[in-house]
Amino acid sequence: MSDTFSARLIEQRQKKGLTQAQLANLLYRKRSTISGYETEGKEPDFETLCEFAEFFGVSTDYLLGLSNIPGNRDDLLYGISDRIKGLFLLLSSDSRDTVAKAYEEFYNILYEDMRLACSDQLSQSDRLSTYVDFFKTIADSRKEIKSLVDRLGSDVTDLNNLSNVLKAQNEFKHKVEDLLDRLLTGDLHVAIHKYLD
């Protein structure tokens, strides 16, 4: 824990442009105390850890290296939920039904894999991280293609330009296929593992 904590404390202090002495003054500590956390492997008590998290606006899990997401994971999920709820309420009734069904299907898939990860029947880091890669690939690729089309404007109908757009779409499809293969291979692994035990 101490190596990760030290590195993240330094990272957060430097992000704020503070010296060890300045941070110490702001948190009513000695500079040597901050130095000890950063370079000597000393670990803060719970109260001090919470003060650091509050001061830097990150979670204690992040400071301790238990999460790579700086903010509180629960806040992140609730924040997404609130943003989507606002848009959801603006949709027509039919569109709400469609979105609700899409969410239900997605959460059912994620729920099942979280359940398997909790019971150690599934590699937590591999399978669940594949979802991140999958949705990030979809989001990034769609953004790239939209940006390409926007840059081309009315020239998108030119055969050469249209060919470039179609090429980008095919590359996108191949990336998604590779990630689907990873997910399906994971399903096969779980099924085989179930019958081998």
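The values are calculated or read from the model by the stated rules, or taken from the named source; none is laboratory data. Just so you know, these numbers come straight off a predicted model, no measurement behind them. Cβ placement follows ideal geometry from the backbone for every residue including glycine, while neighbour counts extend to all protein chains displayed. What goes into the accessible areas is simple: the full protein's heavy atoms, side chains included, and nothing from ligands, DNA or RNA. Shrake-Rupley method; radii C 1.70, N 1.55, O 1.52, S 1.80 Å.
Looking across the range 78-97, the residues that are modelled with pLDDT under 75 and surrounded by 10 or more Cβ atoms within 10 Å (Cβ to Cβ) come down to Tyr78, Gly79, Ile80, Ser81, Arg83.
If we scan the range 116-136, do we find a residue that is more than 17 Å from the chain's Cα centre (by Cα), at negative phi, loosely packed, with under 12 Cβ neighbours inside 10 Å and at pLDDT below 90? So far as the range 116-136 goes, yes, one or more of its residues are more than 17 Å from the chain's Cα centre (by Cα), at negative phi, loosely packed, with under 12 Cβ neighbours inside 10 Å and at pLDDT below 90. As for the range 40-56, it holds no residue that is at pLDDT below 85, within 16 Å of the chain's Cα centre (by Cα) and more than 23 Å from Gly186 (Cβ to Cβ).
The set of residues in the range 179-197 that are open to solvent by less than 100 Å² (accessible area, probe 1.4 Å) and either at positive phi or in contact (Cβ under 8 Å) with a residue 60 or more places away in the chain (or both) comprises Gly186, Val190, His193.
Just the residues that are under 11 Å from Ser6 (Cβ atoms) and free of Cβ contacts under 8 Å to residues at least 60 places away in the same chain, please, taken from the range 25-71. Scanning the range 25-71 gives Ile34, Ser35, Gly36, Tyr37, Glu38, Thr39, Glu40, Gly41, Lys42, Glu43, Pro44, Leu63. Entry remark, the range 21-63: residues being in a helix (DSSP H, G or I), closer than 30 Å to Val132 by Cβ and open to solvent by 40 Å² or more (accessible area, probe 1.4 Å) number 5 in total. Residues of the range 9-20 include at least one that is closer than 21 Å to Gly71 by Cβ, open to solvent by less than 20 Å² (accessible area, probe 1.4 Å) and out of contact with any Asp or Glu (no Cβ under 6 Å at 6 or more places or on another chain). The one condition from (1) over 21 Å from the mean Cα position of the chain (by Cα); (2) exposed (fewer than 14 other Cβ atoms within 10 Å of the Cβ) that Asp140 does not meet is (1). Checked against (1) closer than 26 Å to Leu66 by Cα; (2) in contact (Cβ under 8 Å) with a residue 40 or more places away in the chain; (3) open to solvent by less than 60 Å² (accessible area, probe 1.4 Å); (4) not acidic (Asp, Glu), Val176 meets all criteria but (1). The set of residues from the range 6-18 being free of Cβ contacts under 8 Å to residues at least 12 places away in the same chain and assigned to a loop (DSSP other than H, G, I, E, B) comprises Gly17, Leu18.
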